[in-house]
Amino acid sequence: TQRLIVINVAVHILVHFLGLKIIYTGCFLEPYTMFSQPWRLITCTFLHANFSHIFFNMYALYFFGMLTERVLGPTRMLILYLSSGLIGSLIWGMFCTGSLVGASGAVFGVMTAAAIAYPNARCSILFLPGSIKLWVMMVIYVVYEILSLGGGDNIAHLAHLGGALGGLIFMRRLGYMR
């Protein structure tokens, strides 16, 4: 988890502060690049549009990643992150247009895995009082993403849903669900 955060932050610094825009232009995903340049299905998950984009993704990755890594170990955690990001990118690329960047799909997979591994753990949602069970939080997030589809808000809701699906499939394959 910590290494994934370091990689994401390092790429962000290289692109946005050191001016290496070639990294950005060579790694973001557009639907027509999915099959001709398949590495972009993963590389886009290490790019972020701005500070708030990377901040909230890395905040969620730290919180849920550390929790998930306890049960999966670092190798499976990495596989979960990459496979959830890949599924999120694929689903987004099949139905959307424009450019995709961000770790949100991968992070949604990690959040889903945490909710499956620790369903009754309690957490707080930023800016809201009180706490709720982790599984309830994920249901709220998934419903929100579904309701937000087609909203024209420049957020890759399908990538988030695809990442959550990736986390669900991953945990099911490991036997956490029947």
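The mean sequence separation of alpha-carbon pairs under 8 Å and at least six residues apart, normalised by the residue count of the stretch 83-178, gives a relative contact order of 44 percent.
Of 113, 103, 60, which is the most mobile in a GNM of the chain whose springs link Cα atoms less than 10 angstrom apart? For the chain, modelled as a Gaussian network with Cα springs under 10 Å, the answer is 60. When 149, 47 are compared by accessible area at a 1.4 angstrom probe, the order from most to least is 149, 47. With all protein chains in place and ligands, DNA and RNA left out, the 1.4 Å accessible area ranks 48, 53 as 53, 48, largest first. For the stretch 117-178, the Kirkwood hydrodynamic radius from C-alpha pairs, put into Stokes-Einstein at 20 °C and a viscosity of 1.002 mPa s, yields a diffusion coefficient of 164 µm² per second. The relative contact order of the stretch 1-70, computed from alpha carbon pairs under 8 Å that lie at least 6 residues apart in sequence, is 41 percent.
Place a +1 charge on the Cβ of each Lys and Arg in the chain and a -1 charge on the Cβ of each Asp and Glu, then give the dipole magnitude about the Cα centre in debye, rounded to the nearest 20.
520 debye
If contacts are Cα pairs under 8 angstrom and at least 6 residues apart, what is the relative contact order of the chain in percent? Contact order relative to length: 25 percent. Each of 32, 115, 161 was placed along the dipole of the chain (beta-carbon charges, centred on the mean Cα), and the one lying farthest toward the positive end is 115. Considering only 85, 105, 73, the Gaussian network model of the chain with Cα springs below 10 Å gives its largest mean-square fluctuation to 73.
Given a 1.4 Å probe and the protein chains as shown, residue 135 ends up with an accessible area of around 120 Å². For the stretch 31-173, taking Cα atoms only, Rg and Dmax work out to 14.4, 47 Å respectively.
Applying the Kirkwood pairwise sum to the alpha-carbon positions of the stretch 67-142 produces a hydrodynamic radius of 13.5 angstrom. Over the residues of the chain, the helix contribution to mean residue ellipticity at 222 nm works out to -22000 deg cm²/dmol, using -39500 (n - 2.57) for each DSSP H run of at least 4.
The values are calculated or read from the model by the stated rules, or taken from the named source; none is laboratory data. Only a predicted model underlies this, so the values are computations on that prediction, with no experimental measurement involved. Heads up, the Cβs are rebuilt from the backbone with ideal geometry, glycines too, and the neighbour counts pull from every protein chain shown. Heavy atoms of the whole protein, side chains included, go into the accessibility calculation; ligands, DNA and RNA do not. Shrake-Rupley method; radii C 1.70, N 1.55, O 1.52, S 1.80 Å.
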